[in-house]
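The values are calculated or read from the model by the stated rules, or taken from the named source; none is laboratory data. Everything numeric in this text was worked out from a predicted model, so none of it was measured. Here the Cβ positions follow ideal geometry from the backbone for every residue, glycine too, while neighbour counts run over all protein chains shown. Accessible surface areas use protein heavy atoms only, side chains included; no ligands, DNA or RNA. Shrake-Rupley method; radii C 1.70, N 1.55, O 1.52, S 1.80 Å.
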Amino acid sequence: MDAFVDRVEAGRLLAHRVAALKLADPVVLALPRGGVPVAAEVARALHAPLDLLMVRKIGAPDQPELAVAAVVDGDHPEVVIDQETLRMSGADRHYVAAQAKQELKEIERRRARYLRGRASVPLAGKSVVLVDDGIATGTTVRAALKALQRSRAARLVLALPVAPADTVAQLRGEVNELVCLSQPEFFHAVGVHYRDFHQVEDDEVIELLDAASPMTVTTEDRKHGP
């Protein structure tokens, strides 16, 4: 298909496809920052809560945009390594471990800024829809899915506007459903498939989360009661 106008259009088109799955008790999780505008549209269409899954890419030493691994936040942070890319980059597991510590600090910064004490949406027994604005190698998404497999979700759905066909094929076995609007034969970068692919800033993420959950009670509020 032609390029998406922007992430909002991609989200609306994706929402139509996800809604057709008729999911019971859905929760939408966005991979920040780029996945949030897409996921907000999906959550709106499904009348579902919107939450974040914090994952950070670990780039190659001389090519930070090339993911050799990814780390996802949680009680027991998960690190998923792309063994072939790591070998080709010349880096090793010690490099990944050191970078993972740094990325976990950034995850904590973002969690504090974005959620501001907002309690995470429970996932056990729910239909969990993981949304990003697109993927290339899938390393970040694999880390996210690995963490979600421990969440006791009833159903796990991966929803993407665009991704290479071979990556989609590899990920399909890790979820109950995979929705991908476009699988171009020649895939260079996610941004090529959007006319507007501006960098999503922290303030935009916060605004979208607040709009999706205007009545959300913070953990501090829960402690003190009404």
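Just a few scattered comments:
- Selection over region 137-168 of residues that are in a helix (DSSP H, G or I) and within 13 Å of the chain's Cα centre (by Cα) gives a count of 10.
- If the condition is being out of contact with any Leu (no Cβ under 7 Å at 6 or more places or on another chain), modelled with pLDDT under 90 and either open to solvent by less than 40 Å² (accessible area, probe 1.4 Å) or among the charged types (D, E, K, R) (or both), then region 116-139 contributes Arg116, Gly117, Arg118, Ala119, Thr139.
- Taken as a whole, the condition of being open to solvent by 10 Å² or more (accessible area, probe 1.4 Å) and under 18 Å from Glu78 (Cα atoms) does not apply to Lys22.
- Screening Leu46 against (1) surrounded by fewer than 22 Cβ atoms within 10 Å (Cβ to Cβ); (2) in contact with a strand residue (DSSP E or B) (Cβ under 6 Å, 6 or more places away or on another chain); (3) under 22 Å from Phe187 (Cα atoms) leaves a single unmet condition, (3).
- Inside region 71-110, residues that are within 17 Å of Arg56 (Cα to Cα), surrounded by fewer than 17 Cβ atoms within 10 Å (Cβ to Cβ) and of a type in the set (D, E, K, R) make up a count of 7.
- Any hit, region 72-83, residues being out of contact with any strand residue (DSSP E or B) (no Cβ under 6 Å at 6 or more places or on another chain) and not in a loop (DSSP other than H, G, I, E, B): yes
- Residue list for region 31-54, filter: assigned to a loop (DSSP other than H, G, I, E, B) and closer than 21 Å to Ala124 by Cβ: Leu31, His47, Ala48, Pro49, Leu53, Met54
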